[in-house]
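The values are calculated or read from the model by the stated rules, or taken from the named source; none is laboratory data. The structure presented is a predicted model; accordingly, all values stated were derived computationally and were not measured. Cβ coordinates were reconstructed from backbone atoms using ideal geometry, including for glycine residues, and neighbour counts include every protein chain displayed. For the accessible areas, the whole protein counts, side chains as well, though only heavy atoms, and no ligand, DNA or RNA atoms are used. Shrake-Rupley method; radii C 1.70, N 1.55, O 1.52, S 1.80 Å.
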Amino acid sequence: MNNKLIEKFAENFFNAYYSGCWNNEIQNPISDLSVQESYAVQNRVTKKRIARGERAIGYKVGCTSYAIQSQFGLNEPIYGRLFWPHIFNDGKELNWKRYANCAIEPEMVLKIGKDLEGENLSDKILINAIEYISPGIEIHNFKFWYMPPKLQELICSNGIHTGLVVGGSKSSPDSLSFESEWFKVYKDDKIITKAKASEIMGGPLHSLRWLTGKLTKQNKILRTGSFVIPGSPVELINISEDTKLTIFIEKVGKAIAYFKS
């Protein structure tokens, strides 16, 4: 691995998360990084954020549906980290102008109740490991500093993730099919897009299985108490004006965020 280049990219992505600006001093294209090196950048950014006082509390899986893969021009999933204090309660008021091209996705928020480890785990094992499921709104800086978008940048940028609003309801995993549930997104109570859970890699359990397998290969365990957002079945929705944003997931509930300038 080119550790000097990894550190340069890590410093840039760390600073860009907070400033919304990119330091153009790096002459290398993002494609100079391998996928493994890109995750090394992500890991270094995670350590920098923890050193800053944040806490890694789980994982996100991104680029999981055809809608988003088409939107990005990419064709495989990635994972990133979730951080406290960027997890907000239902009804949170957020300034959309503080984000770099603010965008959202509807998400199932899985609370993990048992350690998960292993590859190709059965649906039964995965369901038994989920303590409960809440509705969530994932917030993004929908900004790629290198065009066209590359998988390496999506990984380095932590899946362009910036935060998560979590609804108050807590549903049992036994009540879901993890395939047929509708996800719906509303702006000011008007529906703007919808899709079924099956669009997420065939269903959110497939995404959780993929994540657990990836971590297992790195000798990591998905720990009890972690939160996981397995991806969205719909495209990213831009927020470019004041709006009440509501997401509804069938059998899970709804989450609301108020985007104001």
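For region 38-53, check the following and say yes or no: at least one residue is surrounded by fewer than 19 Cβ atoms within 10 Å (Cβ to Cβ) and outside any helix (DSSP H, G or I). The answer is yes, given that some residue of region 38-53 is surrounded by fewer than 19 Cβ atoms within 10 Å (Cβ to Cβ) and outside any helix (DSSP H, G or I). Of the strands (runs of 3 or more DSSP E) that lie entirely inside region 107-204, those containing 2 or more residues that are under 14 Å from Phe227 (Cα atoms) and either touching a residue at least 12 places away in the same chain (Cβ under 8 Å) or out of contact with any Leu (no Cβ under 6 Å at 6 or more places or on another chain) (or both) span 130-141, 161-166.
Please indicate, with yes or no, whether at least one residue in region 110-128 is of a type in the set (Asp, Glu) and crowded, with 18+ Cβ neighbours inside 10 Å. Within region 110-128 (the criterion being of a type in the set (Asp, Glu) and crowded, with 18+ Cβ neighbours inside 10 Å), the answer is no, since none of the residues qualifies.
The set of residues in region 54-78 that are within 17 Å of Ile137 (Cα to Cα), open to solvent by less than 10 Å² (accessible area, probe 1.4 Å) and in a strand (DSSP E or B) comprises Gly58, Lys60, Val61, Gly62.
Condition check ((1) within 21 Å of Lys92 (Cβ to Cβ); (2) part of a loop (DSSP other than H, G, I, E, B); (3) open to solvent by 60 Å² or more (accessible area, probe 1.4 Å)) across all residues:
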| position | (1), (2), (3) |
| --- | --- |
| Arg209 | no, no, no |
| Ser240 | yes, yes, yes |
| Phe248 | yes, no, yes |
| Ala255 | yes, no, no |
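Kindly evaluate Ser198 against the criterion of being hydroxyl-bearing (Ser, Thr, Tyr), open to solvent by 30 Å² or more (accessible area, probe 1.4 Å), closer than 25 Å to Ala100 by Cα and at pLDDT 95 or above. No, not satisfied. Take the conditions (1) surrounded by fewer than 12 Cβ atoms within 10 Å (Cβ to Cβ); (2) within 29 Å of Val109 (Cβ to Cβ); Ala10 misses just one of them, which is (1).
Conditions (1) loosely packed, with under 15 Cβ neighbours inside 10 Å; (2) hydrophobic (A, V, I, L, M, F, W, C); (3) at pLDDT below 95, marked per residue:
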| residue | (1), (2), (3) |
| --- | --- |
| Phe178 | no, yes, no |
| Glu181 | no, no, no |
| Val185 | no, yes, no |
| Lys190 | yes, no, no |
| Gly203 | no, no, no |
| Ser232 | no, no, no |
| Ser261 | yes, no, yes |
